[in-house]
1. Taking R0 as 22 Å, what FRET efficiency do you get between H55 and D107 from their Cβ-Cβ distance, rounded to the nearest 0.05?
2. Among G112, G22, G96, whose mean-square fluctuation peaks in a Gaussian network model of the chain (Cα, cutoff 10 Å)?
3. Reachable lysines from K88, Cα under 27 Å, same-chain residues fewer than 8 places away excluded?
4. Excluding L82 itself, calculate the net charge of residues whose Cβ lies under 14 Å from the Cβ of L82, where each Lys or Arg counts +1 and each Asp or Glu counts -1.
5. Which value, in debye to the nearest 20, gives the size of the charge dipole of the chain about its Cα centre, when Lys and Arg are +1 and Asp and Glu are -1 at the Cβ?
6. What residues qualify as long-range amide H neighbours of H28, i.e. H under 5 Å apart, gap of 5 or more or another chain, H built at 1.01 Å from N?
Amino acid sequence: MDIAFLGHLHFDHSGGLCDLPGCEVHVHANEITAAKTKLDDGVFDDEVAASDQWHLQNGEYQVASGVQALFTPGHTAGHMSLFIELPKGRPVIICGDAADLSENLIDEVAPGYCWEDNEALALDSIRRLNALAKSENAELWPNHDFDFFNRLPAFPAWRD
């Protein structure tokens with residue numbers, strides 16, 4: 001079964017999802033609540049029209065073998081990140097928009113948009129991601145930091 005894991009429902013992350021029929025969609029329940037109540041205006045109605053068929057999550061869980069969903073609210077109400085164990089090398093934490101730029105992680109500053117202006121919630125998630133990376137010797141991948149991604153070896157070299 002194909003799985004679409006949504007860290008959050010902002011249009012730049014969930015746009016086009018309605019064009020992927022047949023996949024199992026995972027998202028935190030708080031994201032759906034915020035979207036349906038119009039508390040988060042970064043979500044398009046047509047992208048969440050089929051949300052009654054999605055797998056709504058309320059906590060952390062194993063998405064697939066070696067892939068753990070992490071609850072990292074702050075950027076949005078139900079933001080999730082991913083901890084991924086790889087066959088070779090260090091684990092990777094895909095931060096999503098909990099830390100969309102390297103500076104969020106290095107300087108421990110909140111992302112540009114915080115759910116209900118709650119920077120403390122966002123900073124708690126950033127600190128948790130930093131602590132997890134340290135304890136697990138994992139790489140942190142900020143979501144929108146093109147300078148960071150341009151420094152990574154290109155595929156297939158990265159996989160080796």
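1. According to the calculation, E is roughly 0.05.
2. G22
3. List returned: K134.
4. Every neighbour counted, the sum reads -4.
5. For this selection, approximately 640 debye.
6. Amide H neighbours of H28: Q57.
Rule-based calculations on the coordinates, nothing more; no lab input. Keep in mind the model is a prediction, meaning the values are calculated, not measured. Every residue, glycine as well, gets a Cβ built from its backbone with ideal geometry; the counts of neighbours run over all protein chains shown.
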